[in-house]
Amino acid sequence: CLLGGLGVSGDLNDVWCSDSLDNSLQLVAPSSPWQPRYGMSVMNLSSSVVIFAGFRASVALSDAWRADSSLAEWTQLPFPSLVVNPRLLQWFPSTSTVVLHAGVLYAVATVDDYVWRVFPSFPFSPSCADSLIAASGSILRLSAASGGLFASTDQGITWTTLNSTLLLPGSAAK
């Protein structure tokens with residue numbers, strides 16, 4: 001499916017989907033209840049789709065919306081008031097956890113209730129170039145800014161430094 005985006009006439013909040021392999025799209029909703037936007041994060045869950053944040057006319061949005069599998073009915077979800085961008089979002093199906101990184105803030109929520117826990121500090125410098133990996137009940141984070149590898153076994157609440165001196169390709173020696 002295609003959700004919103006930046007069109008010739010400005011920001012969009014339409015929804016288009018395809019249910020076939022013939023490369024055609026059908027308009028599901030010409031206008032959704034969420035503000036027109038581009039650059040949002042989208043999570044495709046087993047029975048719903050969730051959109052987070054994005055931009056409208058170059059202004060960062062801080063909201064979240066969820067639709068059932070038809071993408072016709074949308075409900076606004078609780079979302080932390082984070083206006084710091086860029087955002088890094090990762091969903092971990094094994095723990096039903098959403099991890100959100102936004103500038104100097106970090107938040108964790110479960111997809112059951114979307115109650116966000118915001119953590120203003122952690123042992124790494126956040127970057128949109130960071131990588132998150134779900135591995136055996138843990139979350140691993142490779143931090144591009146600080147050149148370290150960090151692990152969390154409690155859905156991102158606390159972090160342990162595994163290696164703080166990794167040299168990533170293209171980075172300067174420390």
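Just a few scattered comments:
- Compared with the direct C-alpha span, the chain from residue 17 to residue 59 gains 12.4 nm at full extension, assuming 0.36 nm per residue.
- Net charge, residue 29 excluded, C-beta distance under 10 Å - Lys, Arg +1, Asp, Glu -1: -2
- Shape call, segment 1-79: gyration tensor on alpha carbons, a/c limit 1.5: oblate
- Modelled label positions at residue 114 and residue 153, each set 7 Å beyond Cα in the direction of Cβ, lie 3.2 nm from each other.
- Per residue, segment 1-80 exposes an accessible area of 55 Å² to a 1.4 Å probe, with every protein chain left in place.
- Protection-proxy order for peptides 15-28, 37-50, each taking the mean of Cβ atoms within 10 Å per residue, highest first: 37-50, 15-28
The values are calculated or read from the model by the stated rules, or taken from the named source; none is laboratory data. All values derive from a computational prediction rather than experimental measurement. Note that each Cβ is placed from the backbone with ideal geometry, even for glycine, and that neighbours are counted across all protein chains shown. Calculation scope for accessible area: heavy atoms of the full protein, side chains included, ligands and nucleic acids excluded. Shrake-Rupley method; radii C 1.70, N 1.55, O 1.52, S 1.80 Å.
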